[in-house]
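Let me begin by presenting the structure, written as structure tokens, before commenting on it.
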Amino acid sequence: MKMNKATNPWTRLSSEVKYENPWIKIVEDKVLNPAGKDGIYGVVRFKTCAIAIIPLDEDNNTWIVGQYRYPLDSYEWEVIEGGCPKGTSLVDTARRELIEEAGLEAQSFEMILEMQLSNSTTDEVSYTYIARGLKHVEAEPEEDEQLVVKKLPFNDVYQMVLRNEIRDGLSVASILMAKGVIDRV
């Protein structure tokens, strides 16, 4: 069977909010699936998009953060990340997160990746920037963040991905994309 890519094969019959907080809304839709049968589809709708920042100094050093991630009950190393409320400038959010988490200001931000984080169950999208022209400032972490910040050569961070020491999906994709950008320069 040939499928028309522009046509949605799902029919939404009804939609109900099952849970909501300041960051997400969980919606359950009653649907007719592509086979025409009754079903349900749960979607996590995000009130923000995700921003990732890879700061690079003139020697291609970068900064990563370590923190405890409650949903997985594990300590993880990640790129600098944060949420951008809808209607807020992506670059302004990247600038804010860079200061908050790493105590860095940047002269330039280059977007290198736009990604759907888990498009089978969420509508969350992310944007990754490389930040350059760095200057140290006072970090301003949020009250619910207990971060450890590490400065490392970018290639060491790339190797951490290859050794499965960095496992956050946005971090992995961002580092792999940044590797391609850096290697082209």
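Readers should treat all values here as calculations from the given coordinates under stated rules, not as data from a laboratory. What you see is a predicted model, and the numbers here were worked out from it, not measured in a lab. Cβ: placed from backbone, ideal geometry, glycine included. Neighbour counts: every protein chain shown.
Laid out as a table, the results:
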quantity: Amide proton proximity set for residue 31, modelled H, under 5 Å, gap of 5+; calculated: 13, 39, 40, 41
quantity: Counted charge near residue 168, where neighbours are those whose Cβ lies closer than 9 Å (Asp, Glu -1; Lys, Arg +1); calculated: -1
quantity: Alpha-carbon Debye profile of the chain, log10 I(q)/I(0) at 0.08, 0.09, 0.13 Å⁻¹; calculated: -0.32, -0.40, -0.75
quantity: Phi to ³J(HN,Hα) by Karplus 6.51 cos²θ - 1.76 cosθ + 1.60 over the stretch 45-51, Hz, x for Gly, Pro; calculated: 9, 8, 8, 9, 10, 9, 10
quantity: Residue of 105, 142, 78 that the Gaussian network model of the chain assigns the largest fluctuation, springs spanning Cα pairs under 10 Å; calculated: 142
quantity: Within the chain, helix-based [θ] at 222 nm, where runs of 4 or more DSSP H residues each add -39,500 (n - 2.57), nearest 500; calculated: -6500 deg cm²/dmol
quantity: GNM flexibility winner over the chain from 52, 139, 102 (Cα, springs under 10 Å); calculated: 139
quantity: Residues residue 155 and residue 105, FRET efficiency given R0 of 25 Å [Cβ-Cβ distance, rounded to 0.05]; calculated: 0.55
quantity: Fully extended contour minus Cα-Cα distance, from residue 167 to residue 24, at 0.36 nm per residue; calculated: 49.2 nm
quantity: R0 of 30 Å, Cβ-Cβ distance residue 33-residue 176: FRET efficiency to nearest 0.05; calculated: 0.35
quantity: 18 Å Cα-Cα threshold exceeded, pairs from 25/86; 18/86; 18/47; calculated: 18/86
quantity: Inter-part distance where the stretch 150-166 and the stretch 54-130 are each reduced to a Cα centre, Å; calculated: 16
quantity: Those trypsin sites (Lys or Arg not before Pro) in the stretch 66-128 that DSSP places in a loop and that have at most 11 other beta carbons within 10 Å; calculated: 86
quantity: Point-to-point label distance, residue 12-residue 137, nm (Cα→Cβ direction, 7 Å offset); calculated: 3.9
quantity: Of 117, 72, 162, the one that fluctuates the most in a GNM where the chain has Cα springs shorter than 10 Å; calculated: 72
quantity: For the chain, with +1 on Lys and Arg beta carbons and -1 on Asp and Glu, the positive-most of 14, 130, 60 along the dipole; calculated: 14
quantity: Simple spin-label estimate for residue 148 and residue 70 in nanometres, 7 Å along Cα-Cβ; calculated: 2.1
